[in-house]
């Protein structure tokens with residue numbers, strides 16, 4: 001069955017700067033909200049930019065949805081002209097959205113999920129956590145320092161257990177999210193580990209470390225990969241990553257992959 005995707009103009013409900021250069025945008029897009037699954041993304045373009053400058057839309061993970069109101073959220077960092085233009089838009093204005101795109105996370109019944117997000121890597125994980133509200137599961141969130149932690153309260157609202165790591169020890173556990181994950185997995189017996197699956201997004205070195213830990217403890221692992229992306233639909237072939245048996249494309253084959261499918265070393 002062909003996946004539903006929409007190319008629409010969506011009205012902005014809010015566009016809030018959470019900390020310097022990190023914004024949370026909420027838009028009204030009921031078609032996209034109802035068709036989306038956790039881990040997917042949209043190609044987003046500001047209405048304030050010239051048609052050819054910047055030329056391309058920007059890929060943004062779907063951060064959270066509200067099917068009842070038809071709203072979805074994007075958590076994004078300002079890194080260039082396209083996202084700078086998005087950051088300047090105000091409620092009532094419109095953006096252009098193509099989506100939902102890509103392959104999301106696959107959560108099997110009975111699995112106890114551990115979500116691991118570093119920095120802006122929490123962006124696709126809140127949507128996943130939203131669907132787990134009231135269930136068993138753990139969320140591990142990390143940042144360099146307390147002021148850089150993102151979206152702790154919305155994650156807490158899901159009722160999942162929240163563990164926090166900051167590299168400087170200013171909040172939660174001192175160290176890396178992978179150290180927290182290591183301690184958590186080390187306490188589980190073999191029967192418990194069979195029910196665990198890790199879902200992770202963040203910087204590549206963090207994802208690589210998460211993958212190796214999951215291999216060491218023999219637990220399942222899915223990762224959301226971030227690459228430069230031009231078209232979002234597999235036509236430009238610009239987002240290739242190396243995998244076992246050849247190359248895969250983040251926009252079409254991902255952004256969510258089983259970690260063991262990819263080549264990390």
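Derivation of every value follows stated rules applied to the coordinates shown; laboratory data play no part. Not measured: the values here are computed from a predicted model. For neighbour counting, all protein chains shown are included, and Cβ atoms are generated from backbone atoms with ideal geometry for every residue, glycine included.
DSSP assigns beta bridges within the range 112-261; of those with both partners inside it, close to 25 percent run antiparallel. When each of 69, 166, 83 is scored by the number of other beta-carbon atoms lying within 10 Å, the sequence from fewest to most is 69, 83, 166. Both radii were evaluated on the Cα set of the range 6-101; the Rg over Rh quotient, with Rh as the Kirkwood radius, amounts to 0.93.
Dividing the summed -39500 (n - 2.57) terms of all DSSP H runs of n ≥ 4 by the residue count of the chain sets its mean residue ellipticity at 222 nm at -5000 deg cm²/dmol. Could you tell me how many degrees, from 0 to 90 and to the nearest 10, lie between the Cα long axis of helix 177-186 and the main elongation axis, the longest principal axis, of the Cα atoms of the chain? Compared with the principal axis, the helix lies near 40 degrees. The tail of the calculated P(r) for the range 145-265, taken as Cα-Cα distances beyond 20 Å, holds 53 percent of the pairs.
Ordered by the count of other Cβ atoms within 10 Å of each Cβ, fewest first, 224, 61, 34, 13 give 34, 13, 61, 224. Of all the options 99, 142, 172, the one that moves most in a Gaussian network model of the chain with Cα springs shorter than 10 angstrom is 172. Against the longest alpha carbon principal axis of the chain, how many degrees, from 0 to 90 and to the nearest 10, is the axis of helix 204-217 turned? Roughly 30 degrees, rounded to the nearest 10. Relative contact order of the chain: 18 percent, from C-alpha pairs under 8 Å at least 6 residues apart in sequence.
The per residue volume of the convex hull around the alpha-carbon atoms of the chain is 133 Å³. When DSSP assigns beta bridges and you keep just the ones with both residues in the range 110-177, what percent turn out antiparallel, to the nearest 5? Counting DSSP beta bridges with both partners in the range 110-177, the antiparallel share is about 0 percent.
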